[in-house]
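Asker: Input: one structure, supplied below.
Just so it is clear, none of the values below were taken in a lab; they were calculated from the coordinates. None of the values given here were measured: they were computed from a predicted structure. Don't worry about glycine lacking a Cβ; one is built from the backbone with ideal geometry, like all the others, and counts go over all protein chains shown.
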Amino acid sequence: MNGYGGNILRVNLSTGKITKTPTPVELARDYIGGRGFGAYFLFNEVPAGADPLGPENKLIVSSGPLAGLMIPGAGKCDFTCKSPLTGGYASASVGGLLTAEIKYAGLDSIILEGASAKPVYLVIDDDHIQLRDASALWGKGSITVEKILKDELGEEFQIACIGPAGENGVPYAHINHDYGRQAGRGGVGTVMGAKKLKAFAIRGTRAIPVADLDAYRQAGMALYKACKDSEGLGPWQNLGTTMVVSWCDEIGALPTRNFAAGSFAEGKTLYGPVIREQIVITDKGCFGCPSPCGKYSRMKRYGTRVEGPEYETIGMVGSNLGIADAQDVAQINFLCDEWGVDTISAGSTIAWAMECYEKGILTPADTDGLELKFGNVPAVFTLIEKIAKREGNLGALLAEGTKRAAQKIGKGSEQFAIQVKGMEQSAYATHNATAMLLAYMTADVGAHHNRAWAITYDLQVGRELVGADKVARVIWLQHVRPMFDTLGACRLQWVELNIDLEMYIPALEAITGVKRSWQDLELVSERIWNLTRLYWAREHKDFGRAWDMPSPRFYTEPPKTGTTAGQITKLEDVERMLDMYYAQRGWDANGLPKPETLERLGLANLVA
Amino acid sequence: MTAQIKLLGILKSYVGNQSQIEVNAGNTVREAMRALNIPSELVALVLVNNTPQTKEYCLQAGDVVMLMAVVGGG
């Protein structure tokens, strides 16, 4: 099948059985690839009510039709499973070189099933596929393990691996790839750890079939030329995502001290140009990328190096923890990477604990003597290790994430557990940014910015404005942005270099031989979106409107400082936005898809 | 005694889709944006002669300023 690796690989960790079947044409037609394949396999193959950490859960690793080809940023890989953090749908994306190698090995998805009795790692070398003993790797950090496997197997192998947090069931453990890129969110690494799969390594040598080679080269080169001609290329490559730190600080979107505010008075030392000057040593890109936004940094004070820190990490383990030093933030980044936890969820959970401590809800007796005040860098270093090991009462508590930890501690701490659906909100403060708040409320994995990012739109049309157009914008973004994760490509060339979306259409047609429009692609995205909604409803019997509510902080506690001081979103506006959102999506008042919506999307057969 | 302001992406729409505008030196970048009706809060990055500067930078004659908004986030 043109544009595809052509096969679905299944590896049963319980039995060791390995099977390969052709990728169904209908699956490619209706779900395209990447997160579409993941959602399809999750819904149809993981039984209702499955324990996320049990053998019934599956970890589905998927590439897409653009991946591994000469299309800008065609290096995106999707990991899907039932989330141990939320109990719902988890999908996490990683860049780097992994997805290309999956295609070159003749694969589109790798479905990891069952659970091994002892630690193993999987080696895929074209058709030679083997499970090997990983006893010697168990307990090691994720960056360390990647290096060991590269040394053992060779540089041509691409590695995905977990750290100790994934082994120990921390529900926000990540999967590491390419020395510091992560499929970070929702606990995909936890599911890998529960299967006792420490790592997988893959090398492929096949060509990807392309329908029209000349048209593909022409469309691909046109995309590259547009990227190279973009005036935004230089600044974007220079600073990457750190470009927005100063801007978020200015507009009140930089999470500060557990989202108590959106501006960080001490934060100028975390601005992009300062990070670049103080710690960045080189740029780092993913497969086929003309605009490498990754940064590799050296922390002289600690004798360590890390890929990053990206904006999200700076926000969540920097300003949100009251920490303003670039090397400290980068070192926290490094520790999260090596121990194997998502920097966003870890930062949020530690910030929640710090607020508990400063309010007297947690005392030194609860924190094993740690003085958990905002800005206490050594305490954060200690906590990351404790969380990854689930060590002591505090490590075990914070290893649960903010929602469960707050439910356990109570005493009003639920009010400042900054999460939606059990997933910690990523690094945009939304006291007065209603489209972005709605994006977080309705994102299909929990409070993550990947699906829709709307802060600039909020500023353009009015931050407080609540209306049908704003809701429609969020829905459009929720269809277009994740389509890149479905196609197996990076969205950042579109969003940061202003590449015309229409330029991807001839490339996709030349590669697959199938003519598609963006209208068609958006319909596929809508199908996937509704399928994941059905999944949430299937897994949580009480799922509905209440699950879409944001942290009360954003409608009850206006910041006392910074740009958004005194500003807040009204609860009635939160409710109004949900009403409009459900109506536009064709969902009922409780946020569940109506039968006619499912019929239109070809999903009616999935509900009883 | 002027400076050039280059506008990227959505910022062009605030100045009739022009991509480059000449402004008087002596004002700050923020003042220049105000005079051009460009909402300063939309501007995520100010580069003056390819060096990042704040919006309080005072424009010098011959400066080339690039203003960039962020449309997509991470």
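Asker: Work out the mean other chain Cβ neighbour count within 10 Å for the residues of B:39-52 and drop it here as an integer. If you can, show how the numbers build up before the last one.
Answerer: On the way: counts 2, 2, 9, 5, 2, 13, 11, 3, 5, 0, 0, 3, 1, 11.
For this peptide, the per-residue mean of nearby foreign Cβ atoms is 5.
Asker: Still on this structure, I have one more. Just add up the charged neighbours of A:ASN7: K/R +1, D/E -1, any other residue whose Cβ is under 9 Å from the Cβ of A:ASN7.
Answerer: 0
Asker: Continuing with the same structure: Quick one: of A:LYS295/A:LYS386; A:LYS82/A:LYS389; A:LYS118/A:LYS408; A:LYS541/A:LYS594; A:LYS58/A:LYS470; A:LYS103/A:LYS389, which pairs are farther than 26 Å apart, Cα to Cα?
Answerer: A:LYS295/A:LYS386; A:LYS118/A:LYS408; A:LYS58/A:LYS470; A:LYS103/A:LYS389
Asker: Provide the net charge surrounding A:ARG35, with neighbours chosen by a C-beta distance below 15 Å and charges set as Lys +1, Arg +1, Asp -1, Glu -1. If you can, show how the numbers build up before the last one.
Answerer: Details: positive: A:LYS58, A:LYS76, A:LYS82, A:ARG185, A:ARG451, A:ARG481, A:ARG491, A:ARG527, A:ARG533; negative: A:ASP30, A:ASP78, A:ASP108, A:ASP444, A:ASP485, A:GLU522, A:GLU526.
Net of charged neighbours comes to +2.
Asker: Mean residue ellipticity at 222 nm from the helices of chain A, using -39,500 (n - 2.57) per DSSP H segment of n ≥ 4 over the full residue count, to the nearest 500 deg cm²/dmol? Intermediate results must be reported in sequence, preceding the final value.
Answerer: On the way: 25 runs with 251 residues, N = 608.
Helices in chain A give a 222 nm mean residue ellipticity of -12000 deg cm²/dmol.
Asker: On to the next question. By average Cβ neighbour count within 10 Å, what is the ranking of A:312-318, A:271-277, A:190-196 from highest down?
Answerer: Highest mean packing first, the order is A:312-318, A:190-196, A:271-277.
Asker: Considering Cα pairs under 8 angstrom that are at least six residues apart, work out the relative contact order of the stretch A:478-566 and quote it in whole percent.
Answerer: That works out to 21 percent.
Asker: With bins 10 Å wide starting at 0, give me the P(r) of the stretch A:403-548 over every alpha carbon pair, in whole percents.
Answerer: 10, 34, 34, 17, 4, 1
Asker: Hey, any idea what the orientation-averaged projected area of the convex hull of chain A's Cα atoms comes to, in nm²? Spell out each step's value before the answer.
Answerer: Details: hull surface 95.4 nm².
Here the figure is 23.9 nm², rounded to one decimal.
Asker: Extension gain A:LYS594-A:ASP127, at 0.36 nm per residue separation less the Cα-Cα distance, in nm?
Answerer: Full extension of this stretch gives 163.7 nm more.
Asker: Would you please give the FRET efficiency between A:ALA583 and A:LEU501, computed as 1/(1 + (r/R0)^6) with r the Cβ-Cβ distance and R0 = 22 Å, to the nearest 0.05?
Answerer: Plugging the Cβ-Cβ distance into 1/(1 + (r/R0)^6) gives 0.25.
Asker: With contacts defined as alpha carbon pairs under 8 Å and 6 or more residues apart, what's the relative contact order of chain B in percent?
Answerer: On the way: 143 pairs, mean separation 31.7, N = 74.
Computed value for chain B: 43 percent relative contact order.
Asker: So how much slack lies between A:THR561 and A:GLN278, counting 0.36 nm per residue of separation and subtracting their Cα-Cα distance, in nm?
Answerer: Numbers: separation 283, 0.36 × 283 = 101.88 nm, distance 2.80 nm.
Here the answer is 99.1 nm.
Asker: Of the DSSP beta bridges with both residues in the stretch B:2-69, give the percent that are antiparallel, rounding to the nearest 5.
Answerer: Given both bridge residues lie in the stretch B:2-69, the antiparallel proportion sits at roughly 80 percent.
Asker: Taking the number of other C-beta atoms within 10 Å as the exposure measure, put A:PHE41, A:PHE381 in order starting with the fewest.
Answerer: Ascending number of Cβ neighbours within 10 Å: A:PHE381, A:PHE41.
Asker: Using DSSP to define loop residues, name the trypsin sites (Lys or Arg not before Pro) in the stretch A:357-438 whose beta-carbon has at most 16 other beta-carbon atoms within 10 Å. Don't skip to the end; give the middle numbers.
Answerer: Working: sites: A:LYS359, A:LYS373, A:LYS386, A:LYS389, A:ARG390, A:LYS403, A:ARG404, A:LYS408, A:LYS411, A:LYS421; in loops: A:LYS359, A:LYS373, A:ARG390, A:LYS411, A:LYS421.
Here the trypsin sites (Lys or Arg not before Pro) that fit, given the DSSP loop and packing criteria, are A:LYS359, A:LYS373, A:LYS411.
Asker: Once you put a point 7 Å from the Cα of A:ARG576 and another 7 Å from the Cα of A:LYS541, both along the Cβ direction, what distance in nm separates them?
Answerer: Each label point lies 7 Å from its Cα, and together they span 3.7 nm.
Asker: Would you work out the Kirkwood radius for the stretch A:121-196? I mean one over the mean of 1/r across all pairs of different Cα atoms, in Å.
Answerer: 12.5 Å
Asker: How do A:LEU66, A:LEU465, A:LEU97 line up, fewest other C-beta atoms within 10 Å first?
Answerer: The most exposed by this proxy come first: A:LEU465, A:LEU97, A:LEU66.
Asker: Once you keep just the Cα pairs under 8 angstrom separated by 6 or more residues, what percentage relative contact order results for chain A?
Answerer: Contact order relative to length: 16 percent.
Asker: What share of all Cα pairs of the stretch A:7-203, in percent, falls into each consecutive 10 Å distance bin?
Answerer: Going out from 0 Å in 10 Å bins, the stretch A:7-203 shows 10, 41, 39, 9, 0 percent.
Asker: Measure off 7 Å from each Cα along the Cα-to-Cβ vector at A:SER517 and A:TYR296, then give the distance between these two points in nanometres to one decimal.
Answerer: Distance between label points: 4.5 nm.
Asker: Just counting partner chain Cβ atoms within 10 Å, what average do the residues of peptide A:495-505 show around their Cβ?
Answerer: Per-residue shielding by partner chains comes out at 2.
Asker: Can you give the average number of partner chain beta-carbon atoms within 10 Å of each beta-carbon in peptide A:229-242, as a whole number?
Answerer: Mean partner shielding for this stretch: 3.
Asker: For A:TYR582, what charge total do you get from the other residues with a beta carbon under 13 Å from its beta carbon, if Lys and Arg give +1 and Asp and Glu give -1? The partial results should precede the final answer.
Answerer: Working: positive: A:ARG533, A:ARG545, A:ARG576, A:ARG585, A:LYS594; negative: A:ASP548, A:GLU575, A:ASP579, A:ASP588.
So the environment of A:TYR582 carries a net charge of +1.
Asker: Report, to two decimal places, the Cα Rg of the stretch A:482-608 normalised by 2.2 N^0.38 Å (N = number of residues).
Answerer: The value comes to 1.37.
Asker: Just want the answer: with Cβ charges of +1 for Lys and Arg and -1 for Asp and Glu, which residue in A:LEU97, A:ALA435, B:ASN17 is farthest toward the dipole's positive end in the protein assembly as shown?
Answerer: So the residue furthest toward the plus end is A:LEU97.
Asker: Could you work out the Rg to Rh ratio of the stretch A:231-424, with Rh taken as the Kirkwood radius (inverse of the mean 1/r over all Cα pairs)?
Answerer: Using Cα coordinates only, the ratio equals 0.98.
Asker: A follow-up question, please. By how many nm would the segment from A:THR363 to A:ALA468 lengthen if fully extended, with 0.36 nm per residue of separation less the alpha-carbon distance?
Answerer: Difference between extended and current length: 33.2 nm.
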